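Working notes, beginning with the structure itself.
Every read-out reported here was derived from the displayed coordinates using simple, explicitly stated rules and does not represent laboratory data. Only a predicted model underlies this, so the values are computations on that prediction, with no experimental measurement involved. Every residue, glycine as well, gets a Cβ built from its backbone with ideal geometry; the counts of neighbours run over all protein chains shown.
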Amino acid sequence: MDRRTSMHVIAASSLALTGIASAQSYPQRPIRLVVGFSPGGSTDVAARRLGLKLANILGQPVVVENKLGAAGAIATAEVARAAPDGYTLQMATSGNLVINPHTMAKPGYSPLTDFIPIYLVCTQPLAVSVHPSFPARTFQEFLSVVRSEPGKYSYASSGNGGIAHCSAEWLKDRAGLQGLLHIPYKGGADAATAVISGQVPILLCNTFSIDLTHHRTGRLRTLATTGALRSQAAPEIPTVKESGIPDYVAISGSWLTAPAKTSDAVVEQIAQAIRTAMTDTTFVGGLTELGNDMVIDSDPAKAKAFLKSEFENWGAVIKKAKISSET
């Protein structure tokens, strides 16, 4: 072996050892887990429960920090600028990573280049629900009623440019519901309240926000969910896909992400910790009951591929419908 080859071997070995050492020494202090939404919401609850599990597995506290504003964009932009050392992570959603970059002129980050998706923690279908007085008991009947009187009915969502708004506009396009009017609210809870009180007849929101209890106690009637499969939390409710719109699937993902350039060793250590958490049936079951479809077999490669696919798919929907968070 000549001197140049020997130096290359030594350099490569040194880099490999550095990566091993980095993984073995991580974490040495508390980890900050940023959530761009209010305490008590679905993303916050999932982040806090996951944070407790990771703290036990990794041996350091995981401190959840709620940083509100601009539909999660402020928090996401801050994480994009954070040091790529594994001590600042984000529980990011389709809203942060998939919708905002297409509906905002300057979100402040690029989801496909500024982050490493470590793990797709869960997905959540949306739900098409109506006030109990609405003259339809199935999704097929709902389509017939809305189509029969264009312009008569309106739907509530969690706000302009959110995933519920985008999902509804896509459904209108696919199902021929162009007369269905949009009434945006400041959040999913406000939208649900408007429908429960009879102010608006139709709600399209995520299953956590509408609270499945409202459906099961009769305050709302949920006609369909929007996942590829029936929700793990409510398998009795059919999907839009099986109820007449076979190519329609609209879900919100929740990824644990790190800033770009975080080392592979640290990323894999965090991913392995989440995989360990997913073996806890109490942890998984608790989040499933809140409307989440938990993903037990994710990894950085799968999480990245799913993010890219969702980014492209929703980009096409938003462009066609000309959706903006400002309108």
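General observations
- Folded to 0 to 90 degrees: helix 300-321 orientation relative to the chain principal axis, Cα: 40 degrees
- In loop segments of segment 220-327 as defined by DSSP, the GluC sites (Glu not before Pro) with at most 14 further C-beta atoms inside 10 Å of their C-beta are E236, E289, E326.
- Each residue, S144 and N313, gets one label point 7 Å from its Cα in the Cβ direction; the gap between the two is 3.0 nm.
- Values of log10 I(q)/I(0), in the order q = 0.16 Å⁻¹, for segment 125-243 under a Debye, Cα-only, solvent-free model: -0.64
- Whether segment 76-129 is rounded, prolate or oblate, judged on the alpha carbon gyration tensor where a/c under 1.5 counts as rounded: oblate
- Burial ranking of peptide ranges 155-161, 55-61 (average Cβ count within 10 Å, highest at the top): 155-161, 55-61
- Within the chain, the longest run free of trypsin sites (Lys or Arg not before Pro) that sit in a DSSP loop with at most 10 other Cβ atoms within 10 Å is 1-185.
- Estimated at 0.36 nm per residue, the fully extended path between T281 and S197 surpasses their Cα-Cα distance by 26.6 nm.
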